[in-house]
Structures are given as structure tokens and as C-alpha cells.
Amino acid sequence: MTDAAPADFLAALSALASSPTSTRAAAYQEQLHSLLRRPRRDVSPAALRAALAAFLDAAVFSDANSTGGGLVVGRQVLEAFDTALAGPLSAPPAERKDEELGAEDPAVWDEETRTTLFEDAIEKVQPRVLSFEEQASSLRLHLADLYESAEDWAAAAGVLQGIPLDSGHRAVSDTNKLDVLVRIVRLLLEADDAVGADVSLKRASLVLHAVPGATPALPGIEQEGTPEERREGKKLGLMFKLCQARIYDAQRRFMEASTRYHELSFVPEIDEDERTQALSAAVTAAILSPAGPQRSRILATLIRDERTSSLDQHTILTKVFLGQIIRASEIASFEAMLAPHQKAELPPTANEKAMAAADAAAAAAAASNSDGDVEMGDSAPPPAPVLRTQTVLSRAMIEHNVLAASTLYANITFSGLALLLDLTAPAAESTVRRMVVQGRLKAEIDQVGPGGGVVTFLAGGRGGAAEAGTAGGLGNVAGDGDEGEAQEDEDDPDAVWTRRWDQQIARTASSLEATSSYIKSLAAA
């Protein structure tokens, strides 16, 4: 057994070159089937590869079969080649699918061999793809099937991306375009390429509304297409929404992902287990969403859904919805349910880097001042800033706990808030500042004060002012003002805080006067 193409097969190809055009395609097809049926002991995989390369050169890409009237023969033979490699002729029987192939079995039954043959055929047809566009697209679809069965997701997506969907040489229906594009998106998501998947999803969105059944029909308007086309369109529309939700999830756009997942959990055409998975994904994405009013609306929608009571995330969903503090043990149990991208580390913000550098410089200065024996010239360089890495989950939980604290306290020092969040005071201040800037928390920051500064939660960003307490070493700044005035101004939040500010100034002035009097008494004595 050699790796060269069988001599009798090559001789037959030469003889067919001068046969009549009307019978040439059928004769080539007969020779092809005869070759594919030969056992491995007669035709090795390498010999089969060489023989089919010669077959394509003679039967498809020769001048007689690829130009003029002979182009019809070349197209018919290439289509027969594609059908033969993708059909039952080239696959082992179902009962022998998992068995090892023997010397009497055809070499084409091996999946790796078929993959190589498809790759060779696509490489050969690419320079003449304009003449064989339909056949080349079919070859790519079948090669993608083989890659997908081998779980080579990126290769399968790459092959499909080579299919010309907007060519002017053949008509491609909107349904076929959407089918290919959605499949590319799904494969790229399996390959963890959310960026590439998003690009293909945007292309799919351009044809989505042109596919019958892919989007809900407007009231009183009947959709075009046959019932079968509408069913296929609806299936593609659901796959589009699922891919869109997964892309939002991978891009950490958790609020949009939660909304899409929750919509899919009500679709009756989806299996019950898959609907439950979609609901679970919606809850997880909602919990990971940035804390704020929009997230609260999504949580309220999910908590009213009776199906969430049977999910593993129901306990933490309830605590997040009620604005309760989430403890470290509860976060750890929830983390075990997350996907890898939902536990990814986040890069520090510029503000966090600056604050870490300032902390390091302050620590170096304090260490230098405490060591009186160290000369200025021999002082060690300041330590490198220490940045505490945050993950998607930890940042979501920290921001949630800040909102939870805003419902418990009227104001709190950053040192006290840092103890609550298990952060440093500068990191706690950075978190509060980011939430205020993004409009997700109504608060005021006073950097001059005890405990590294004070954050005051405003009305609408926490519970009622009269019910909130204080924490973190800051005493109750509300004085014993006139109760009648308080009753008159209780509906005006600005008046409440103005009165508290005046009372604080009065206390400070009173303390200063007392200190001054005490110093004068000591001097007189």
C-alpha cells in the first residue's frame, strides 16, 4: 500500500476527459463513489487525499469543466463531491460509529480524514470561488459541522465567516443569512470570543426584522411567509435573543442580560429545563448588576416571580432585594454558582491607583518620622502602592452593601464604612464617589472630619432621615432643636439638613468658647 493515488483511478480520469459533456458528470460521479468505497488496505488516507486532489483538478477545475459550457459539468461534479463526503457513503454505519476502523473499512470513514478532504477542497476552490460560490458555501457548511462535532468552535466559526452572504453572484434569503450569522455568534461564544460574537450579532440584527416570524407581529398585521417559514423564523429569533443575552453577560452588561434572560424564561417553545436555566441566569445577572434604581426595578420583577423561590439563589436574591447587608459567607456560597467570566478580576480605576499611591506615601512618611535614628540620606524609598484587586462579584456586593448602609444610617465616617465593607477608608470613599458620580447613590462627601471624612446620605438615597442612625464614630449631629420647627419642616428635606448644619456650627462654636474659657482660667491661676 502506497501513499500515491491508484493508477487505475488516474487512468479512468484521463479517459473521461474526452467523453461527451452530457454523460461526463455522471461518469465522474461513478468513479468518485467507487474510490470512496475502496478499503483502507487498498487506498490509505494519504492515497485517498492524493486521488481526490487529482479528481478535483481533472473533473472540476480543468479548462474543459470550469469554463464556457463545461462549467455546468464542473459545478455538478463539485456538488456531487460535497454530497458524497457529507452523506452516508462517507460515514460508518450507526452500529459501528464508536468502533475502531479496520483494514477492510474505507479510509473516508475516519472523521479526521474527511475533515482534511474538505479543507483541501475549499483550498482548491477558493481561487475560483466566483464560479463555484454555491458549492463552496455548501463545502464550508459541512466542514463547520465536522469542526463543531470535534468541539473546535473557533475553527467552525472561521469557516462559516468565509461564506459570502451579500454576494451579487447568487441570491441568499434573509432566513439563510440569519441562520449562518446566529450560528457564527453561538460558536464564537463557545470559543469565549465575545467581541467577535458581538460583531456578528450586529450583522444579524440588520436582517432579523426581514425574516418572517423572527420578531413578534404587530397587532392587526399578519406576517408574511408560509407557516413553516414563520416557525423557522421564530426559532432563529429565539436563538438570536439567547445569544444577545449571553453577549451582554460576557460583556458584564448584567442589567440588559438579566432582562433578556427573564424574557426567555417565559417562552413556551423552550424546554422547561432551559427556561429554568434562563431564569437562574437572570437572577444571577441581576445580583451582579451595578447597585442603583434600575437594578432595584429588575430585582423587584424577579422577586415577584414565584418560580424564583425554587432557585438556589433565592436566599441572596431576597436579601439583596430587601437591602440587607450581605456577609462574606453568603458571598462565598453564591460565588460557587458563578461562571468564570462572572468572577473575573477588574482593573483598578485611576482614582483607586492615585489613592493607593497616596496611602503608600503617607505610610512611608509615618515610618520615617517614627524612626529618629534614620538619616535623611539613608531613608528607604516609599513602598509601592498596594492595590486590592476587585472581582465582578466583590464590586457588586460592595456597592450593594453601600446602598444597604444608606438605609440604616443618616451619615457614617469612611473608617466606619470601611469596617462594614471590609475595605480601607480611601477605598470606601472611592466606591461612594463612583456611585454618586454615576447617579446611583444620593449622598454628600465631607473629606474634613473624624474617621477619614464623612458621607451623608441624602433623602431618596437611603431611608427616612428621622429613622436613620449614625455609625463609624460620628456622634449624632442632630441637636435638640425646637420640636415645633421640626414638625413644620419635616416635609422639606433641605430644611432638615440646613437646621442640622446650623446646629453643628453652634455646637462647634460652643465647644470653642468652652475651651477658650478653660485656657483663660488656667492662665489666671
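The values are calculated or read from the model by the stated rules, or taken from the named source; none is laboratory data. All values reported here derive from a predicted model rather than from experimental measurement. Cβ placement follows ideal geometry from the backbone for every residue including glycine, while neighbour counts extend to all protein chains displayed.
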Subset of the stretch 302-317 that is among the β-branched types (Val, Ile, Thr) and surrounded by 15 or more Cβ atoms within 10 Å (Cβ to Cβ) - its residue that is farthest from Ser258 (Cα to Cα): Ile316
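I'd like to verify a number: residues in the stretch 62-106 that are among the hydrophobic types (A, V, I, L, M, F, W, C), closer than 18 Å to Leu32 by Cα and more than 41 Å from the chain's Cα centre (by Cα), how many?
The first filter runs over the stretch 62-106 and keeps only residues among the hydrophobic types (A, V, I, L, M, F, W, C), leaving 64, 71-73, 77-78, 80-81, 84-86, 89, 91, 94, 101, 103.
Subset that is closer than 18 Å to Leu32 by Cα: 72-73, 77-78, 80-81, 84-86, 89, 91.
Keeping just the survivors that are more than 41 Å from the chain's Cα centre (by Cα) gives 72-73, 77.
Qualifying residue count, the stretch 62-106: 3.
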Number of the exception - Asp42 against (1) assigned to a helix (DSSP H, G or I); (2) more than 49 Å from the chain's Cα centre (by Cα): (1)
Complete set of residues in the stretch 192-210 that are assigned to a loop (DSSP other than H, G, I, E, B) and touching an Asp or Glu at 6+ places or on another chain (Cβ under 7 Å): Ala210
Qualifying position, being assigned by TED's automatic domain parsing to the domain that holds Pro127, within 19 Å of Thr116 (Cα to Cα) and assigned to a helix (DSSP H, G or I), among Arg24, Arg49: Arg49
Qualifying helices (runs of 4 or more DSSP H) (wholly inside the stretch 125-191; at least 1 residues being at pLDDT below 95 and under 27 Å from the mean Cα position of the chain (by Cα)): 133-149, 174-190
Cβ-Cβ under 7 Å pairs, at least 6 apart or on other chains, the stretch 73-98 side part of a helix (DSSP H, G or I), far side charged (D, E, K, R): Val73/Arg24; Leu85/Arg114; Ser90/Arg114
Where a residue in the stretch 129-154 is of a type in the set (Gly, Ala, Ser) and its partner, wherever it lies, is part of a helix (DSSP H, G or I), with Cβ under 7 Å and at least six apart: Ser131/Ser66; Ser131/Leu71; Ala136/Ile122; Ala136/Val125; Ser138/Asp82; Ala144/Ala156; Ala144/Val159; Ala144/Leu160
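Could you tell me how many of the residues in the stretch 132-161 are of a type in the set (A, V, I, L, M, F, W, C), out of contact with any Asp or Glu (no Cβ under 6 Å at 6 or more places or on another chain) and farther than 18 Å from Lys177 by Cβ?
Total meeting the criteria: 6.
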Subset of the stretch 317-330 [hydrophobic (A, V, I, L, M, F, W, C) and not in a helix (DSSP H, G or I)]: Ile325, Ile326
